[in-house]
Amino acid sequence: MTGLKMPKDFLWGGAIAAHQAEGAWDVDGKGVSIADVLTAGNATTPRTITDGVIAGENYPNHHGIYFHDTYKEDLALMAEMGFKAFRTSIAWTRIFPNGDDVEPNEAGLQFYDDMFDEMNRLGIEPVITLNHFEMPYHLVTEYGGWRNRRLIDFFVKYSETVLKRYRNKVKYWITHNEISNQANISEASTVQDFLVWTNSGLRYDETATIAERMADMYQAGHYELVASAKVVQLAHQINPDFQIGAMLNVSPIYPATPLPTDMLAAQKAEQLRKWFSDVHIRGAYPSELEALFERTGYRSDITDEDRQILKEGTVDYLSISYYATFAVKAADGKTPALDDPSSIESVKNTLIPASDWGWTIDPEGLRYTLNQLNNLYPNLPIMIVENGFGAYDTVTADGSIHDDYRIAYLSAHIAEAEKATIIDGVNLIGYLSWGPIDIVSAGTGEMSKRYGYIYVDLDDEGHGSGKRLKKDSFNWYQNVIKTQGENL
Ligand code: BG6
């Protein structure tokens, strides 16, 4: 109990992504997406990117939780919890199967017409992501992913098609999911490979140098930002009431010690990702990035016209995911620098606990990051569109699931979000927890890393009845929403 309560029009709800839930990966004209060629992994074994879909491999996104066929029943459960908003994405490949098709696929458009009608019927506000780790695979094999400028036009055409089609059904849009993930070039190479793949469809062999990867990341990120800015402008012409948001994962990075070099390491590590929100929100590159481009030549293709587009296509709100925090220190004998990933070392923060997947549990970090964002972008509306606790759940003999660990995580985080809003004055407009129904994990491809209030009876191999069961957190969250966050 914080004694605090969110305003009446606050958007309480949950969020998923098409590729992690829908399944039906090849029906009604849908094309292959970059998520369709990702095999299953687990906490210690990374997912593999295969060359196309290979018979006999386990591709968990091919079935997801069969949401394509069950969304009516599933949305009814969200409505029962009192959801005011629900975030999902449009699978780009249902609309343009290859990405460069001349005409959109009517069956795919109709599918989302029906889904958004259902949300509106239930009084649930749709929050729709245009690009959530599921771009057409064909755009990778034919064009090399987002390192190619032509991707801008393909994305804008797809976006224009759906913005027009759903102009009276959806108000809140998000352009690219967690656009800043790909900046973490200094991570172990398997993580690097995964994040640039999911964000931008970039692939490398072991000969690729860090400098090459960095140049590509800045180029791909730039094209994605230009594409987003064009979509913002178009969207406002299509419907002036549209609210178009940027989406970033925010993970505060703490210095391992108060040594000035560690402070600098933390600052540089944050700058490595923060420029994406600067460009989305302020419409211009921050000076540390301009300086980096001058020094290194990483910026290969940023035109004056691009700069104008960025300036005129700034977003209406910022949406964020928040799960965990990190700690860094300056590498021995080195001055932390943006263009030298080896100068900043990640260290384990032993002062706070972590999940079974090693993700730190840091509720105060959420209040800290909301304040930090409000300092950077004063009064900008912020929506939390992902936050949650991935954990193993056990179904007891009577079918109940006692997920007190999840309730503890969520309740502590919501309490900090309330303090940020009511005590600190952050303009927070919504809280959508991640995976209100269990879905396939994006990072590992597992079903057993569960976030939901609703349990889905499927295992990591896709076996199971698919039956939905309410966990203890179901009633808990229902009560949180009913009391506007007063009863945590
Ligand atoms: C975010 C993504 O990175 O985190 C989601 O936007 C993802 O797609 C979520 O599912 C949680 O990560 P994971 O790996 O536990 O599924």
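Taking the criterion of being more than 22 Å from Gly430 (Cα to Cα) and part of a helix (DSSP H, G or I), would at least one residue in segment 247-260 satisfy it?
yes
Could you check, for segment 136-145, whether at least one of its residues is at pLDDT 95 or above, assigned to a strand (DSSP E or B) and within 16 Å of the ligand (Cβ to nearest atom)?
Within segment 136-145 (the criterion being at pLDDT 95 or above, assigned to a strand (DSSP E or B) and within 16 Å of the ligand (Cβ to nearest atom)), the answer is no, since none of the residues qualifies.
Can you give me the number of residues within segment 384-402 that are within 12 Å of the ligand (Cβ to nearest atom) and part of a strand (DSSP E or B)?
Of the residues in segment 384-402, 3 are within 12 Å of the ligand (Cβ to nearest atom) and part of a strand (DSSP E or B).
Within segment 193-217, how many residues turn out to be in contact with a Pro (Cβ under 7 Å, 6 or more places away or on another chain) and over 16 Å from Met135 (Cα atoms)?
Going through segment 193-217 one residue at a time, the tally reaches 1.
Among the residues of segment 287-340, which ones are within 16 Å of the ligand (Cβ to nearest atom), in a strand (DSSP E or B) and of a type outside the set (A, V, I, L, M, F, W, C)?
Ser319, Ser321 - these are the residues of segment 287-340 that are within 16 Å of the ligand (Cβ to nearest atom), in a strand (DSSP E or B) and of a type outside the set (A, V, I, L, M, F, W, C).
Can you tell me which condition Ala265 does not meet? The list is (1) under 30 Å from Arg149 (Cβ atoms); (2) in contact with a helix residue (DSSP H, G or I) (Cβ under 9 Å, 6 or more places away or on another chain); (3) at pLDDT 95 or above, and all the others hold.
Here Ala265 clears every test but (1).
Residues in segment 27-78 that are touching a Pro at 6+ places or on another chain (Cβ under 7 Å) and assigned to a helix (DSSP H, G or I): how many?
1
Looking at the structure I just gave you, is Ala415 closer than 18 Å to Gln372 by Cα and away from the ligand (no atom under 16 Å from the Cβ)?
Yes, satisfied.
Can you tell me how many residues in segment 439-459 are buried (at least 19 other Cβ atoms within 10 Å of the Cβ) and either within 13 Å of the ligand (Cβ to nearest atom) or of a type in the set (Asp, Glu) (or both)? First the steps, then the outcome.
Restricting attention to segment 439-459, the residues satisfying the condition of being buried (at least 19 other Cβ atoms within 10 Å of the Cβ) are 439-442, 444-447, 449-456, 458.
If we keep only those that are either within 13 Å of the ligand (Cβ to nearest atom) or of a type in the set (Asp, Glu) (or both) too, we end up with 439-442, 444-447, 449-452.
Result for segment 439-459: 12.
Tell me, yes or no, whether segment 235-242 has at least one residue that is assigned to a loop (DSSP other than H, G, I, E, B), in contact with a Lys or Arg (Cβ under 7 Å, 6 or more places away or on another chain) and of a type in the set (S, T, N, Q).
Checked against the condition, which is being assigned to a loop (DSSP other than H, G, I, E, B), in contact with a Lys or Arg (Cβ under 7 Å, 6 or more places away or on another chain) and of a type in the set (S, T, N, Q), segment 235-242 yields at least one hit.
Which condition breaks for Lys470 when tested against (1) within 21 Å of Met81 (Cβ to Cβ); (2) within 16 Å of the ligand (Cβ to nearest atom)?
For Lys470, the failing item is (2).
I need the full set of residues from segment 441-452 which are over 14 Å from the mean Cα position of the chain (by Cα) and either part of a loop (DSSP other than H, G, I, E, B) or under 14 Å from His132 (Cα atoms) (or both), in order please.
Thr444, Gly445, Glu446, Met447, Ser448, Lys449, Tyr451, Gly452
Any idea which residue in segment 156-177 is farthest from the ligand (Cβ to nearest atom), counting only those that are outside any helix (DSSP H, G or I) and under 17 Å from Glu224 (Cβ atoms)?
Looking at residues that are outside any helix (DSSP H, G or I) and under 17 Å from Glu224 (Cβ atoms), I get Trp173.
Check segment 386-403 and report whether any residue there is out of contact with any helix residue (DSSP H, G or I) (no Cβ under 9 Å at 6 or more places or on another chain), hydrophobic (A, V, I, L, M, F, W, C) and more than 22 Å from Ser251 (Cα to Cα).
Yes, there is a match, as at least one residue in segment 386-403 is out of contact with any helix residue (DSSP H, G or I) (no Cβ under 9 Å at 6 or more places or on another chain), hydrophobic (A, V, I, L, M, F, W, C) and more than 22 Å from Ser251 (Cα to Cα).
For Ala354, are the conditions met, namely being within 16 Å of the ligand (Cβ to nearest atom) and not β-branched (Val, Ile, Thr)?
For Ala354, the condition - within 16 Å of the ligand (Cβ to nearest atom) and not β-branched (Val, Ile, Thr) - is met.
Taking the condition of being surrounded by fewer than 23 Cβ atoms within 10 Å (Cβ to Cβ) and free of Cβ contacts under 8 Å to residues at least 60 places away in the same chain, how many residues in segment 367-390 meet it?
6
So that you can scan it fast, the table gives a plain yes or no per residue for (1) at pLDDT below 95; (2) over 30 Å from Thr314 (Cβ atoms); (3) away from the ligand (no atom under 16 Å from the Cβ):
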{"site": "Ser342", "(1), (2), (3)": "yes, yes, yes"}
{"site": "Leu370", "(1), (2), (3)": "no, no, yes"}
{"site": "Asn375", "(1), (2), (3)": "no, no, yes"}
{"site": "Asn379", "(1), (2), (3)": "no, no, yes"}
{"site": "Tyr409", "(1), (2), (3)": "no, yes, no"}
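From (1) under 26 Å from Thr325 (Cβ atoms); (2) not in a helix (DSSP H, G or I), pick out the condition that doesn't hold for Gln267.
For Gln267, the failing item is (2).
Just name the residue that is nearest to Glu364 (Cα to Cα) out of those in segment 418-438 that are of a type in the set (A, V, I, L, M) and within 16 Å of the ligand (Cβ to nearest atom). Explain how you work it out, then say what you get.
Going through segment 418-438, the residues of a type in the set (A, V, I, L, M) turn out to be 420, 422-423, 426, 428-429, 432, 437.
Subset that is within 16 Å of the ligand (Cβ to nearest atom): 432, 437.
On the way: Leu432: 18, Ile437: 25 Å.
Looking at residues that are of a type in the set (A, V, I, L, M) and within 16 Å of the ligand (Cβ to nearest atom), I get Leu432.
Mind telling me which of the residues Glu364, Glu345 ends up being surrounded by fewer than 16 Cβ atoms within 10 Å (Cβ to Cβ), touching a residue at least 12 places away in the same chain (Cβ under 8 Å) and in contact with a helix residue (DSSP H, G or I) (Cβ under 8 Å, 6 or more places away or on another chain)?
Only one candidate passes the filter, namely Glu364.
The values are calculated or read from the model by the stated rules, or taken from the named source; none is laboratory data. Computed from a predicted structure; not experimentally measured. Reconstructed Cβ throughout: ideal geometry from the backbone, glycine too, with neighbour counts over all protein chains shown.
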